Each structure stands twice: as structure tokens, then as C-alpha cells.
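Note sheet for the following structure.
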Amino acid sequence: MANAEHVMVFKQGVEAWNNWRKENPEIKPDLSEADLAQAQLTADFIGPDLYRADLRSADLRGADLRKANFRRADLSGANLSEANLSEADMRGAKLNLTNLSLTNLSWTNFRRAKLNEANFIGADLRGADLRGAYLTGVFLSGAAIDENTRYNQIKGSQPGLNGFWCRETDSAALVTHTPPGNSMRGSNPDAVIACLKQARSLHTCSITLAGLAFLMTVFRLPDILGKFALFAMPISLGLLGLVGLYLGDALRNVGYLCDRDAAVKVGSFPWVLSKYGGSSIARMLISLAARLVIAFHPGVYWFYWLQGNWQGLTTVYQVLLFSLLICCAWIFFLSQLFQKPILFDTRTENNRVDDLNQLSEDIKHHSKIVAELVSSLQPKQNKGSGENGEPQPEMGLQLAKSVARQPQRRGKT
């Protein structure tokens, strides 16, 4: 239960509360289970205990609520815009229709919280834990997340490789911040494509070796197959190891893509292992079957060994064979991680298109002015020229002054 003294001081107003907090900085406010509906908390409120408190429609704009305990509290319809909720505990809280725009939510715990139709526009969600949270109808444009944000088990929105997307509002929270300086990652689709191309070519070489071994099996050439397989198996292991490294690098870099062109470019790359199978059951099953066959193609070597054609196989080659199986499982696991869409935010893309159109119009406008200025400086017969056919600088100067007096066009350039 809430501390009666703390509740009484709080109800005296923001000024009284701030003064009391300055006089008693060592006391942790206890307002658990208190009825604070429609209250104003734009105050010094660091680390309060608001467990199961009623904060419906409360005004929390700009409040400092770092490390606050909001477990199972009801903040439905509250205004938390521009507040600081860093490291706050929101587990099981109700935040339906809550305004969280431009709010600092870094490292906030939202596990199993109800955030339906909440406004996250411009919010900082880096490091936040959203596992099990309900995110139906949320507004996510401009929300920033990073590699520490956990959102794989969210409900009501679709997780992607570079963020999560809400169908109802067609908005997405994307990894938009700059990665660490030593990470060698970034929003570069060309780097992702280069990694995927390398992985695909190396994987094709491994499939070719396995295919040759399979053809030898069909033509019943066991002696030749045995010698060729013993030669091809370590080569396949090395190739698949490199495939896993390139595929892992591509997967890490995909997490930083944040625009439509990059999403389309990488998402359409023609390789089954990195291709998103889709959301329909049929497409998912087809993709799963194809990736299983392609990822575990070295099973040809296993088949021949289990048939007893490699009797007396040395321990070294047995270890290589098991290592090959582990490598195949690793590649298949990476391909499973690719089974999410690469997202982009529609509102951000529309704004980008508008800015480009405005820039194009401004370029055309200034090009026209420059063309008029240049044409005025060209020598003209009987007008605008001196005795020797030279252009009079006064006319160009007058035109330049008239251009300078024109009102500036508004808009981003």
C-alpha cells in the first residue's frame, strides 16, 4: 500500500512535491496502489514505487521517472510525451492509448505490457525489452531501436530483421542509430549483397562437389567415389565454414537497413537460403523444404559412410564428417533467421520522397535563374554590348541584384 504521507504531499501540487523531494532526497517515494488518475506528475519523480497505481489519463509530460516501478500499473490514456522513463519497470502495465511520443524508453522493461494503440512516434526504445508485449495499432514512425532491443515475441506487430512493423498503422520502428565505431556494420545494402554473393558462390561449389559424389553413386563407382569423397569432404567443410561467416555478416548488416530501396534490393536477392519465404503456410513449407535440402546437401557423404562403403575410416575423417554436419546445421540456423521481412517505414519514405521532389523543384528554379543570368551576359547586337561587342557588366549586375531581391523559396533542400 502507498505511504499516506507521500500521497498527501503529492496531492498538494507539483511545487510542494518538488520541495519535499529536495529536502528528503534519500527517501524513495511509495505511491503503490494509489489512486492518481488524471494527476499531474511533471515533477522530480526519480525511482518512485508506483506498483499497481491508477494513473489513467494522468499528465506525465516531461516528468523524470527514471527507474520507476510501474509494474501492473494502469496508465491507459496517460500523456508521457517527452518524459524520461529510462530503466523503468513496466512489466504487466496497461498503457493502451498512451502517448509515448519523444519519450526516453531506453532499457525500459515492457514484458507482457499492454501497449495497444500507444503512440511511440520519435520514442527512444534502445535496449528496451518488449517480449510478450501487446502492440496492436501502435504508431511507430521515428521510433529508434538498436541491437539490444528485444522484440522477437511481441504480439500484434510483426518482427522483422531490422525492427518491427504494425499493420494497422503501416508504421515501423527501425534501427536508425549509428553503430559502434569498431563494429564494421552499417546501413549499406551493397555490403550485404556482396556478402550474399560470396556465400552463394562458395555454397554452389560445395553443392557441385556433393553432386559429383552423388553421380558416382548412381553409376556405382564405389572405389572412385570413396577416393573422391575423402578428398571432397574436407574441402566442403572449409567452403561451408566460409559460407556461414559471410551469411552471418550479411545477417548482422541487414539489421541496420532502414529505407525502402535497401529493403527491396536485399530482399529480392535470388538465393533460397537468404530469401524470405513469406507469411503463407504453403510458401513457408516450400521454403523450409528447399532450405533443408540445400543446407544439408553433404548428406551424400553420410549416406555413403552409413552404407559401409567407408570401412576402416580413420578417426580424423569421422571427426570431419561430424563437423560437416554441425556446419550444415549452423547454416540452416542462419537461413532460419533470415525468415523475417526487411522493413521500412511508409511515413518516413513518403517524407523522403517529398523532400526529393522539393529539391528537384528548387534545382529547376535556380537553374532557370542561372540560365537567364548567363544569357543576359551574352553579347547582343545593338543592345547590351559595347563598342567592341563586349557585354556590359552593368546589365548582368542589375539582373543579379533583381534575383537576390526575389523571395526565398521555402522547403528543405
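Local charge for Asn152 was computed over the other residues whose Cβ lies under 10 Å away, with Lys and Arg +1 and Asp and Glu -1, and equals +3. Computed packing ranks the peptides 250-262, 124-136 as 124-136, 250-262, most packed first, by mean other Cβ atoms within 10 Å. Annotation: the residues Lys227, Lys340, sorted from fewest to most other C-beta atoms within 10 Å of their own C-beta, follow the order Lys227, Lys340.
Couplings 3J(HN,Hα) of region 167-180, computed from phi: 5, 4, 9, 6, 10, 9, 9, 10, 6, 10, 8, 7, x, x Hz, in residue order, whole Hz [Karplus 6.51 cos²θ - 1.76 cosθ + 1.60, θ = phi - 60°; x for Gly and Pro].
In order along region 182-192, phi translates into HN-Hα couplings of 9, 8, 6, 10, x, 7, 10, x, 5, 5, 5 Hz, rounded to whole numbers, per the Karplus curve 6.51 cos²θ - 1.76 cosθ + 1.60 with θ = phi - 60° and x for Gly and Pro. Toward the positive end of the charge dipole of region 189-337, about the Cα centre and with charges on Cβ (Lys, Arg +1; Asp, Glu -1), which of Ile294, Ala229, Tyr317 goes farthest? In region 189-337, that residue is Ile294. Hydrodynamic estimate: the Kirkwood radius of region 23-148 over Cα pairs, inserted into Stokes-Einstein at 4 °C and 1.567 mPa s, corresponds to D of 93 µm²/s.
Taking amide hydrogens as modeled 1.01 Å from N in the peptide plane, which residues meet the under 5 Å criterion relative to Gln40, leaving out close sequence neighbours? Under 5 Å from the amide H of Gln40 lie the amide H atoms of Asp59, each far enough along the sequence or on another chain.
For the pair region 61-113 / region 119-153, the C-alpha centres are spaced 12 Å from each other. FRET efficiency for the pair Ser183 and Val264, taken as 1/(1 + (r/R0)^6) with r the Cβ-Cβ distance and R0 = 25 Å, rounds to 0.50. Applying 0.36 nm per residue to the separation of Lys11 and Leu288 and subtracting their alpha-carbon distance, the gain on full extension is 93.7 nm. Modelled label positions at Phe332 and Ile46, each set 7 Å beyond Cα in the direction of Cβ, lie 5.3 nm from each other. Annotation for Asn152 and Lys22: the two label points, set 7 Å from Cα along the Cα-Cβ direction, are 4.9 nm apart. Karplus-derived 3J(HN,Hα) values for region 51-68, using 6.51 cos²θ - 1.76 cosθ + 1.60 with θ = phi - 60°, are 4, 6, 6, 9, 10, 4, 6, 6, 9, 10, 4, x, 6, 8, 10, 4, 6, 6 Hz; glycine and proline are entered as x. So which of Lys28/Lys94; Lys155/Lys265; Lys197/Lys340; Lys197/Lys227; Lys265/Lys368 end up more than 25 Å apart, counting from Cα to Cα? Table pairs above 25 Å Cα-Cα are Lys155/Lys265; Lys197/Lys227; Lys265/Lys368.
Projecting the Cα atoms of Val9, Leu115, Ala58 onto the charge dipole of region 1-137, computed from C-beta unit charges around the Cα centre, puts Leu115 farthest toward the positive end. Averaging the sequence gap over all C-alpha pairs within less than 8 Å and six or more residues apart, then dividing by the number of residues, gives region 94-189 a relative contact order of 21 percent.
Any read-out appearing in this document is the output of simple, stated calculations on the displayed coordinates, not a laboratory observation. The structure presented is a predicted model; accordingly, all values stated were derived computationally and were not measured. Positions of Cβ are backbone-derived with ideal geometry, glycine not excepted, and every protein chain shown enters the neighbour counts.
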